[in-house]
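Single-structure report; data block below.
Bear in mind these aren't lab numbers, they're just calculated from the coordinates by the rules spelled out. The model shown is predicted, which means the values in this text are computed figures rather than measured ones. Heads up, the Cβs are rebuilt from the backbone with ideal geometry, glycines too, and the neighbour counts pull from every protein chain shown.
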Ligand code: SPD
């Protein structure tokens, strides 16, 4: 094995997840982070920010379908959606498949991520060209702090809680998200791994537990993140992701899914025993 053809994402000092690559397609240091795109052997073009895998063209549909369709099929009529982060465009692409969405605003802090993805992640970044997308380059936390009662769904498609995304995991941010949402509003957010990052999850859950009536995590398999066992935070002012989920809407939507379906929607809220034990007192789903 020639190590120079391999990229390794390291998790602390215990794990290295390796990807063989053919060439470096993009490499730039932005004001916020180092943005790279590698042409990998097995996963196609792969976006890497500060040496952490963000997405790959081969498996991105799993993450982007799950972060988008679960809240959009829980809310009965999501018309105004806000995406914080999501610079690769995959979340916008999925959100804008919903005919009921009249407006989608995306606040991405780093224009270099968008530049890189437009050039090299052609399938993922399609959503960035949609006429209903209002894309602004700004700090997402600052933007949310100025909004009041206007969004039906807010999706926080962020990187890990280090660097530019750290603020998106804090109490003040979620107080502002709560204020920015309408009465029946829902927020979902990149929620880390229950296997490795339960402390971060516990903190997040405590934060939203104090603000929203329905809170928990839902799970999915992420083939290219350390541990593979990944989750999204779900917090809602009113609608329950299972009790208020009207399955029929999924078929009627006419959307073609590659991962998401009604069974996956429901099943993703089931938790393994080691997670249940820790979160029991904070879980309200
Ligand atoms: N550990 C990496 C978490 C990154 C999550 N966000 C990826 C962005 C995909 N749109």
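Put in order of Cβ neighbour count within 10 Å, fewest first, the listed residues 43, 239 become 239, 43. Using the empirical formula 2.2 N^0.38 Å as the baseline, the Cα radius of gyration of the stretch 142-285 reaches a ratio of 1.04. Computed from Cα positions, the angle between helix 111-120 and the longest principal axis of the chain comes to roughly 70 degrees. Normalised by the number of residues in the stretch 9-151, the average gap of Cα pairs under 8 Å and 6 or more apart makes the relative contact order 19 percent.
Between residue 3 and residue 203, the simple label model (points 7 Å from Cα in the Cβ direction) yields a spacing of 3.2 nm. When Rg and the Kirkwood radius Rh are both evaluated on Cα atoms of the stretch 157-220, their ratio Rg/Rh stands at 0.94. For the chain, relative contact order (Cα pairs under 8 Å, six or more residues apart, normalised by length) works out to 17 percent. For the pair residue 280 and residue 243, a Förster radius of 22 Å applied to the C-beta separation gives a FRET efficiency near 0.70, rounded to the nearest 0.05.
As I understand it, the value is the acute angle between the Cα axis of helix 171-180 and the longest principal axis of the Cα atoms of the chain; what does it come to in degrees, rounded to 10? Helix 171-180 sits roughly 60 degrees off the main axis of the chain.
Over the chain, the ratio between the Cα radius of gyration and 2.2 N^0.38 Å evaluates to 0.95.
Anisotropy class assigned to the stretch 65-224 is rounded, per the alpha carbon gyration tensor with a/c under the 1.5 cut-off. Structure remark: mean-square fluctuation, Gaussian network model of the chain, C-alpha springs under 10 Å; the largest value among 89, 184, 18 belongs to 18.
Stretched out straight at 0.36 nm per residue, the stretch from residue 166 to residue 148 would grow longer than its current Cα-Cα span by 4.2 nm. Among the DSSP beta bridges whose two residues both lie in the chain, what percent are antiparallel, rounded to the nearest 5? For the chain, the DSSP antiparallel bridge percentage is about 65. Remark: the stretch 1-93 projects, on average over all directions, an area of 7.9 nm² (convex hull of Cα atoms). Distance between the modelled labels on residue 16 and residue 213, one decimal in nanometres: 5.1 nm (7 Å Cα→Cβ projection). Cβ-Cβ distance of residue 139 and residue 34, R₀ of 25 Å, FRET efficiency by 1/(1 + (r/R0)^6): the value works out to about 0.85.
With each label modelled as a point 7 angstrom along the Cα→C-beta vector, the residue 122-residue 263 pair spans 3.4 nm. Relative to the 2.2 N^0.38 Å rule of thumb, the stretch 181-251 has a C-alpha radius of gyration ratio of 1.21. Based on DSSP H segments of at least four residues, each scored -39500 (n - 2.57), the chain has a per-residue ellipticity at 222 nm of -7500 deg cm²/dmol.
Once the Cα atoms are used to define both axes, helix 60-74 deviates from the longest principal axis of the chain by about 10 degrees. Pairwise Cα separations in the stretch 1-160 fall into 5 Å bins from 0 onward with the following percentages, short to long: 2, 9, 18, 21, 19, 14, 9, 6, 3, 1, 0, 0.
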